[in-house]
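One structure is given here, and the rest of the page talks about it.
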Amino acid sequence: MLGGDRSRQSAVHAALAEMSPGVTMLSAADGTTANGLARDQDPDVILLDIEMPEACAVCRSFKEDTGLATIPVLFLTTPQTGRDSRKKALQAGAEGFLQYPFDDIELGAQLLTMAKIKAAAAHRRQEREDLAGLVAERTFRLEHELAERKRAEIALSESEARFRRITEGLADYQYTVRLAGGEAVETVHSPACLFVTGYSAEEFAADPYLWLDMVTTDDREMLIDRVGQVLAGQDIGPIEHKIVRKDGIVRWVSDNIVLSRDAAGVLRSYDGIVKDITERKQVEATNEMLLRETQDRYHEIAALMRASRAVLESRDFAETARVIFAECRRQLEASAGFMTLRSEETGDIEVLYLDSSLAGGIRPDRMPLPVTGLRAEAYRAGRTIFTNRTLQGGDRDWVPGGKAAANMILAPLPVQGKVMGLIGLIDKPGGYTGEDARIATGFGEVAALALAQSRNLESLEQSELRFRSLIETASDAIISVDGEGRITQWNTGAEKIFGYTAKEAAGRNITLIVPAFMEEADGAPTDEPMGGRLQQSRESLEMAGQMKNGTWLPIELTVSRWQTREGVFFTVIIRDISERKQDEQAREKLQAQLNQAQKMEAIGVLAGGIAHDFNN
């Protein structure tokens, strides 16, 4: 993390420690230090404080550095961060923003997504490096082959005829077609045709259709059409097509045709230059494959981002699950699918979501689903599995509704080391692959994160309801105040004791009901902040409280301190001890009367003794 005051750095560090204890956060005071740390440690994500003056410049330097460009950069913002600042951050190359104060779950989802982005970028970089290695190896081999060929040319230089054939074999292959009445009447091939096609010029002369027969069947119709355009006098560009050499090897060639006309403009002949372009086509095919893979990875990351956004924006797991399922199904190009969950109470497998094509097959007696076959294996193994075997007979129980399927893939939803559900997809044209399993695993992890978040929120809401119920039913006054002593929470017990409603008390200072907080211990006024005065009252204290009607009453007060991202707060618990004080006063009065009676009794005994002595 670069920049930010200590409180923000501490907040980020605390959130990371709570969410993922194994995560390490490194801090840097300036861009130079951050650059060195990034090179040494290769972090999963870089956090920049947008309020730091050089933040955008540092981000730009990262993105311009080929060694650091793949590390995702997130800017730490606040609600006061302006639109222009965010725009500059994006222009500098930022992948996203984290708003402070932030939610721990949002931080986890963002970092998970950024880690996946970095992993994908690293994978692409490794692929490019592998390709570069292959190209370098191929270049070395070609250079070696060219060197060997050159040595052969020098060795054969004494024979002019053989030298000419070799040099012609290394050159392009030329041919000439003469026309009469718009029809080809003669075709002459240069000797170099032997090295390009494997057929000699004599073989082409003996078979006038050999030039067409050696063209692969899938390109033949196209070539006939293009030659027809040439015979019609049209200037066309290079014709690229495949041929089958005499030795059976398929090669790519480029045929460049030049028209020759007489003085009257009539087409009399045309010349063609045929060049073997197999190597170029192979490179193009490799590049196209890499481009497709890059595009597929981009679409995969975009789909995961949309699924992650749904996790952050929705509290309803069923709604989030539908979004994640739809993105996963679209990415894997499956025809149908479903999502199941394992009940926490019974362990039964229940259907959460079904495609409409499967929903019609569900019957009440088939619910919950049996844990058998491929479904049981997925729950047991805890990893994505698939089969491209047609599901029929008893295997149809693996699909909700018993639908026959051509193939199937199941991705688990792992929550705290336990599979709590499955994403199931069926009927993908062409079947599923290991790459599909990798993608489905990612969506299963996002769905598991959404499920865990939903259950945590539900548990939190239940705890909050129980807590509120306890507070509202308590006979004591339970009051929450901020660091300035302003009342933020006021329960029913407080209303009964002091007479103020929650609406009347909200925002008022705690001194409204406990004026003694405005005084020192000796009764003199104090200017000490309310937070300090409250902290000094941790132990139970007996003080005087004032009701709404002005009546004073004895109270017992305890204070506890707690802190959130919004600041310091205090919980003040106040008990009305009027009855206890009255009981104490009554006991003291009775004790005084008892003491007086005991004194009188002692005096009576003493007087009796004195009278007895006088009588004697």
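The values are calculated or read from the model by the stated rules, or taken from the named source; none is laboratory data. For clarity, every value in this text was computed on a predicted model and none was experimentally measured. With ideal geometry, Cβ positions are generated from the backbone for all residues, glycine too; neighbour counts draw on all protein chains shown.
When VAL253, VAL274 are screened for being over 13 Å from VAL177 (Cβ atoms), modelled with pLDDT of 90 or more and in a strand (DSSP E or B), only VAL253 passes.
Of all residues in the stretch 189-212, those satisfying the criterion of being exposed (fewer than 15 other Cβ atoms within 10 Å of the Cβ) and either out of contact with any helix residue (DSSP H, G or I) (no Cβ under 9 Å at 6 or more places or on another chain) or closer than 19 Å to ASP271 by Cβ (or both) are GLU202, ALA205, ALA206, PRO208, TYR209, LEU212.
Listed by first and then second residue, the pairs with beta-carbon distance under 6 Å, at least 6 apart or on different chains, first residue in the stretch 6-33 and within 16 Å of ALA115 (Cα to Cα), second at pLDDT 70 or above and part of a loop (DSSP other than H, G, I, E, B), are LEU16/VAL23; LEU16/MET25. Under the condition of being modelled with pLDDT of 85 or more, in a loop (DSSP other than H, G, I, E, B) and hydroxyl-bearing (Ser, Thr, Tyr), the residues counted in the stretch 383-430 number 1. Scanning the stretch 69-96 for residues that are surrounded by fewer than 19 Cβ atoms within 10 Å (Cβ to Cβ) and assigned to a strand (DSSP E or B) yields a single hit, GLY96.
When the stretch 421-474 is limited to residues that are under 30 Å from GLU333 (Cα atoms) and of a type in the set (Asp, Glu), the one that is surrounded by the fewest Cβ atoms within 10 Å (Cβ to Cβ) turns out to be GLU435.
In the stretch 499-616, counting only helices (runs of 4 or more DSSP H) that sit wholly within it, the ones holding 1 or more residues that are at pLDDT 90 or above and surrounded by 10 or more Cβ atoms within 10 Å (Cβ to Cβ) span 502-505.
Given ALA120, ALA57, ALA115, which one is modelled with pLDDT of 80 or more and part of a helix (DSSP H, G or I)? Of ALA120, ALA57, ALA115, the one residue that is modelled with pLDDT of 80 or more and part of a helix (DSSP H, G or I) is ALA57. Taking the conditions (1) within 20 Å of PRO72 (Cβ to Cβ); (2) at pLDDT below 70 in turn, SER314 satisfies each one other than (1).
Of the residues in the stretch 337-382, how many are among the small types (Gly, Ala, Ser), assigned to a helix (DSSP H, G or I) and either modelled with pLDDT of 75 or more or outside the structural domain of LEU410 (by TED's automatic domain parsing) (or both)?
The first filter runs over the stretch 337-382 and keeps only residues among the small types (Gly, Ala, Ser), leaving 337, 343, 347, 356-357, 359-361, 373, 376, 378, 381-382.
Keeping just the survivors that are assigned to a helix (DSSP H, G or I) gives 356-357, 359, 373, 376, 378, 381.
Within this subset, residues satisfying the condition of being either modelled with pLDDT of 75 or more or outside the structural domain of LEU410 (by TED's automatic domain parsing) (or both) are 376, 378, 381.
Of the residues in that region, 3 qualify.
For beta carbons closer than 6 Å, sequence separation of 6+ or different chains, a first residue in the stretch 183-204 that is closer than 22 Å to ILE277 by Cα and a second that is small (Gly, Ala, Ser) and surrounded by 14 or more Cβ atoms within 10 Å (Cβ to Cβ), the qualifying pairs are HIS189/ALA201; PRO191/ALA201; ALA192/GLY169; ALA192/ALA171; CYS193/ALA201; LEU194/SER200; PHE195/GLY169. Are any of the residues in the stretch 231-246 in a loop (DSSP other than H, G, I, E, B) and either in the same structural domain as ARG330 (by TED's automatic domain parsing) or touching a Gly at 6+ places or on another chain (Cβ under 6 Å) (or both)? There is at least one residue in the stretch 231-246 that is in a loop (DSSP other than H, G, I, E, B) and either in the same structural domain as ARG330 (by TED's automatic domain parsing) or touching a Gly at 6+ places or on another chain (Cβ under 6 Å) (or both).
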